[in-house]
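Scroll down for the structure; my scribbles are underneath it.
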Amino acid sequence: MRYTPPTPADLQRLKSELGRTGEQMADLFGVAGGQQWRKYTGGAQPREMAPQMLFFGAARIALSDEELERVLARMREIGAEIDIAPEAAVATEPGHAAQK
């Protein structure tokens, strides 16, 4: 696999396009909180986002609720325990699945 992570500016642009707070972006991408999210979007040495983290966030943006649930069900069949319900539900575009 060849992968080049998004730049901090790319991630800031996405945050702006989605109209989300840092906390909401952290939840969307499975990061511990807004402070952790900021480690990917700024500072002297921002972290690079791993492909699996980007995939998780992109899937939550792009997939319908049913499609995302199908993936989560397969993860559970494999043996994972997963509940991606945020502590405070975050709304997404209509028909998209950030509120699991």
TODO: Specify the residue with the greatest mean-square fluctuation among 27, 83, 65, computed from a Gaussian network of the chain linking alpha-carbon atoms under 10 Å apart.
DONE: 83
TODO: In whole Hz, with x marking every Gly and Pro, tabulate ³J(HN,Hα) for the stretch 71-84 from phi via Karplus 6.51 cos²θ - 1.76 cosθ + 1.60, θ = phi - 60°.
DONE: 5, 4, 4, 5, 4, 5, 4, 6, x, 7, 10, 9, 9, 9
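Report, in deg cm²/dmol and to the nearest 500, the calculated mean residue ellipticity at 222 nm for the chain, where each DSSP H run with n ≥ 4 adds -39500 (n - 2.57) and the sum is divided by the residue count. Write out the running numbers ahead of the final one.
Numbers: 5 runs with 53 residues, N = 100.
Helix contribution divided over all residues of the chain: -16000 deg cm²/dmol.
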TODO: Report the extension gain between residue 75 and residue 39 in nm, rounded to one decimal, defined as 0.36 nm multiplied by the number of residues separating them, less their alpha carbon distance.
DONE: 10.2 nm
TODO: Using the number of other C-beta atoms within 10 angstrom as an exposure proxy, rank 82, 61 with the fewest first.
DONE: 82, 61
Task: For the chain, projected area of the alpha-carbon convex hull averaged over all directions, nm² - done: 6.9
Task: Per-residue ³J(HN,Hα) for the stretch 25-33, Karplus 6.51 cos²θ - 1.76 cosθ + 1.60, θ = phi - 60°, Hz, x for Gly and Pro - done: 5, 4, 5, 4, 9, x, 9, 4, x
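No lab work stands behind these numbers, since they all come straight from the coordinates. The structure displayed is predicted, hence computed values, not measured ones. With ideal geometry, Cβ positions are generated from the backbone for all residues, glycine too; neighbour counts draw on all protein chains shown.
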